[in-house]
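The values are calculated or read from the model by the stated rules, or taken from the named source; none is laboratory data. As the structure is a prediction and not an experimental result, all values here were calculated from the model. Virtual Cβ from ideal backbone geometry, glycine too; neighbours counted across all protein chains shown.
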Amino acid sequence: MIRVLLTGMSGTGKSTLIAELGARGYRAVDLDCDEYSEWVAVADGVDAPGSPVEPGRDWLWREDRVSDLLAVEVGDLLFVSGCAANMGPFLARFDRVVLLQAPADVVLERLAARTGDDYGVRPAEAARVLDLMETVEPLLRHAAGFEIDTSAPLEDVVAAVLEVARAPD
């Protein structure tokens with residue numbers, strides 16, 4: 001089974017892409033939900049780039065649940081989307097790590113138009129996302145084996161992700 005992590009900053013289209021893959025019948029899991037992530041109290045002055053999300057607390061992967069998800073061999077492909085300060089130990093468990101990125105103006109437009117998950121709608125949150133694009137995105141780029149510009153039409157982004165997933169090792 002090939003495990004593909006789709007990661008990137010808020011507003012790059014992770015949730016839209018993972019939903020589209022799921023709609024097409026692929027095993028697709030968005031880790032940015034209560035089942036796989038949780039708010040955790042953290043000490044002030046956390047050194048991880050981009051952390052914490054809010055003073056005194058961070059949105060982190062539930063390590064036991066993510067570990068269980070990755071341990072199950074079901075089907076040929078597993079697509080997982082997410083980005084969290086504690087994702088580092090999991091990177092080696094993915095066969096492909098794909099950085100989803102988009103220009104800042106596209107990201108800001110998407111954040112402003114959000115419904116449901118409204119993170120990034122408030123000016124301070126949007127400013128944080130821009131800062132993360134400068135500080136955390138380069139770290140993700142270094143960890144990723146692939147990078148896809150999600151400002152392209154969704155159909156093209158899906159095709160690019162499927163090409164990466166099916167590429168020979």
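Listing for the model above:
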{"item": "Test: residue in the range 130-143 that is surrounded by fewer than 21 Cβ atoms within 10 Å (Cβ to Cβ), assigned to a loop (DSSP other than H, G, I, E, B) and in contact with a helix residue (DSSP H, G or I) (Cβ under 9 Å, 6 or more places away or on another chain)", "result": "no"}
{"item": "Options 35, 125, 109: the member that is of a type in the set (D, E, K, R), farther than 25 Å from residue 152 by Cα and either over 14 Å from the mean Cα position of the chain (by Cα) or part of a helix (DSSP H, G or I) (or both)", "result": "35"}
{"item": "Positions within the range 86-106 being over 19 Å from residue 132 (Cβ atoms), part of a helix (DSSP H, G or I) and out of contact with any helix residue (DSSP H, G or I) (no Cβ under 7 Å at 6 or more places or on another chain), in sequence order", "result": "89, 92"}
{"item": "Residue match in the range 82-91 (condition: without any contact (Cβ under 8 Å) to a residue 40 or more places away in the chain and either more than 20 Å from residue 29 (Cα to Cα) or among the charged types (D, E, K, R) (or both))", "result": "no"}
{"item": "Residue within the range 147-167 that is touching a Lys or Arg at 6+ places or on another chain (Cβ under 9 Å), farther than 29 Å from residue 67 by Cβ and either aromatic (Phe, Trp, Tyr) or assigned to a loop (DSSP other than H, G, I, E, B) (or both) present", "result": "no"}
{"item": "Selection count where residues are out of contact with any helix residue (DSSP H, G or I) (no Cβ under 9 Å at 6 or more places or on another chain) and either surrounded by 24 or more Cβ atoms within 10 Å (Cβ to Cβ) or within 16 Å of residue 99 (Cα to Cα) (or both), scope the range 5-24", "result": "3"}
{"item": "Scope the range 50-87; condition surrounded by fewer than 18 Cβ atoms within 10 Å (Cβ to Cβ) and either among the charged types (D, E, K, R) or at pLDDT 95 or above (or both); matching residues", "result": "54, 57, 63, 64, 65, 67, 68, 70, 71, 73, 76"}
